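Trainee: Before I ask anything, here is the structure I am working with.
Computed from the coordinates by the stated procedures, all read-outs in this text should not be read as laboratory data. In this text, all values refer to a predicted model and were calculated from it rather than measured experimentally. Cβ placement follows ideal geometry from the backbone for every residue including glycine, while neighbour counts extend to all protein chains displayed.
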Amino acid sequence: MLDYLIYLLAFVIGSIAGLVYSYKLHGEPFVADSSLNIPYTIISAVGWILAFNSGIVILSGIGFILAGFVMGGRPGYGRKETAIGLVLAIAAYILLHWAV
C-alpha cells in the first residue's frame, strides 16, 4: 500500500514541476503550439517505461515523476507526447512479459 502512495506523490510532484516549467517557458496566457516536442516525447517514453516495467519502487517513482512532468504542463500540452510514451511502454511491457 505504501508503494501506491509513493507513486501518487511522485506523480503529483512531477506534475507540479511540469506546470511550473511550462509557465516559465511560456509566459503568455495561451500559446497555440501543435508541434510534437521531441525532448518531451523521450522524457514521457522513459518515464512510462520505467513506471510500468521496472518492478523496483525507486525506479517506478522516478518514472512517475518523469511522466507527471510531461502530463503536468499547461492544458493541451503533452497529450501527444504522453500518448506516444504510453504506447511505447505498453509495447515494451508486452514484449518483456510475452511468455512463449
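Trainee: Going by how many other Cβ atoms sit within 10 Å of their own, how do 48, 98 line up, fewest first? Walk me through the numbers on the way to the answer.
Mentor: Working: 48 26, 98 7.
The order, fewest Cβ neighbours first, is 98, 48.
Trainee: How large is log10 I(q)/I(0) at q = 0.19, 0.27 Å⁻¹ when the Debye formula is applied to the Cα atoms of the stretch 38-93, each weighted equally and without solvent?
Mentor: Taken in order of the listed q values, log10 I(q)/I(0) reads -0.53, -0.97.
Trainee: Let me ask another. Over the chain, with a Gaussian network built from C-alpha contacts below 10 Å, which listed residue (68, 85, 76) shows the highest mean-square fluctuation?
Mentor: 76
Trainee: Follow-up. Could you check which residue among 63, 14, 27 shows the biggest mean-square fluctuation in a GNM of the chain with a 10 Å Cα cutoff?
Mentor: Comparing 63, 14, 27 in a Gaussian network model of the chain, the most mobile one is 27.
Trainee: Related question: Order of 57, 70 from fewest to most other C-beta atoms within 10 Å?
Mentor: Working: 57 13, 70 27.
Arranged by neighbour count, lowest to highest, 57, 70 become 57, 70.
Trainee: With the chain treated as a Gaussian network of Cα nodes joined by springs under 10 Å, which of 17, 45, 67 yields the largest mean-square fluctuation?
Mentor: Residue with maximal mean-square fluctuation among 17, 45, 67: 17.
Trainee: Fewest first, what order do 21, 40, 7 take by the number of other Cβ atoms within 10 Å?
Mentor: On the way: 21 14, 40 21, 7 18.
In increasing order of surrounding Cβ atoms, one gets 21, 7, 40.
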